[in-house]
């Protein structure tokens, strides 16, 4: 199963902001829940999320347990050159995930 | 003057009270902003005495959230920004969550359209405040109240 779903417009206009939507599959475990045996489930959230555009960081987010499970982010990036958006995130357990999307500037 | 009077006098009194209350509204909202800062220690710690401008920002949250586990949230800062200072960081603070610093959104590169959408968890009815830092250091802020029917993190807390 994919770890994330990314949505970027097929074509974007040069120097104009375009919408990026990302949904990462992650339980965003708060650390306040207990399992069936009463044992505390350790906190594990996607703490850092980074979006790079042709290698340059254009957006990043630091998240807490205050963000709902399967964190969804929608933000804007300014279109410069055709290329690639890369998304990277890391959770408290140190597990990394990444995803990419092509950007075509017209 | 005694408090009881003819119905007419009572109506007049009510109207006068209402008028006085209306005149208080701008003053109260300014006071409300101060209360926000006092109510959220993490926000006060971040501001460290600085006063944000309570304008130019929007924080869309439902007035009533049935389920605190996933509440749709949208932050926007009204442009235009170019060629002036642009938005660098937006911080989101919660009044009642166990982790009051809910999220930080960073824009290392200038964007003309500042809009961030996500879904947040809310541990009960509370006020949420977003603060934007511009590249020239000016702070803007906005608050929103949400009534939460079912709290997030109910078990274990």
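Would the stretch A:24-38 turn up any residue that is surrounded by fewer than 18 Cβ atoms within 10 Å (Cβ to Cβ), under 15 Å from the mean Cα position of the chain (by Cα) and in contact (Cβ under 8 Å) with a residue 40 or more places away in the chain? Checked against the condition, which is being surrounded by fewer than 18 Cβ atoms within 10 Å (Cβ to Cβ), under 15 Å from the mean Cα position of the chain (by Cα) and in contact (Cβ under 8 Å) with a residue 40 or more places away in the chain, the stretch A:24-38 yields at least one hit.
Counted as qualifying within the stretch B:71-157 are the strands (runs of 3 or more DSSP E) with 1 or more residues that are at the interface with another protein chain (Cβ under 10 Å from one of its Cβ atoms) and more than 26 Å from residue A:34 (Cα to Cα), namely B:71-77, B:87-94, B:101-106, B:114-120, B:126-134. Looking across the stretch B:96-110 at every residue that is crowded, with 22+ Cβ neighbours inside 10 Å and modelled with pLDDT of 95 or more, the one that is nearest to residue B:146 (Cα to Cα) is identified as B:102.
Within the stretch A:1-38, the set of residues being within 11 Å of chain B (Cβ to nearest Cβ), assigned to a loop (DSSP other than H, G, I, E, B) and over 30 Å from residue B:82 (Cβ atoms) comprises A:28, A:30, A:31, A:32, A:33, A:35, A:38. Residues in the stretch A:70-81 that are at the interface with chain B (Cβ under 7 Å from one of its Cβ atoms) and more than 12 Å from the chain's Cα centre (by Cα): A:76, A:77, A:78. Taking the stretch A:39-66 on its own, how many of its residues are farther than 28 Å from residue A:100 by Cβ and within 8 Å of chain B (Cβ to nearest Cβ)? The number of residues fulfilling the criteria is 1.
The values are calculated or read from the model by the stated rules, or taken from the named source; none is laboratory data. From a predicted model like this one, the values you see are computed outputs, not experimental measurements. A quick note on method: Cβ atoms are made from the backbone with ideal geometry, for glycine too, and the neighbour counts reach across all protein chains shown.
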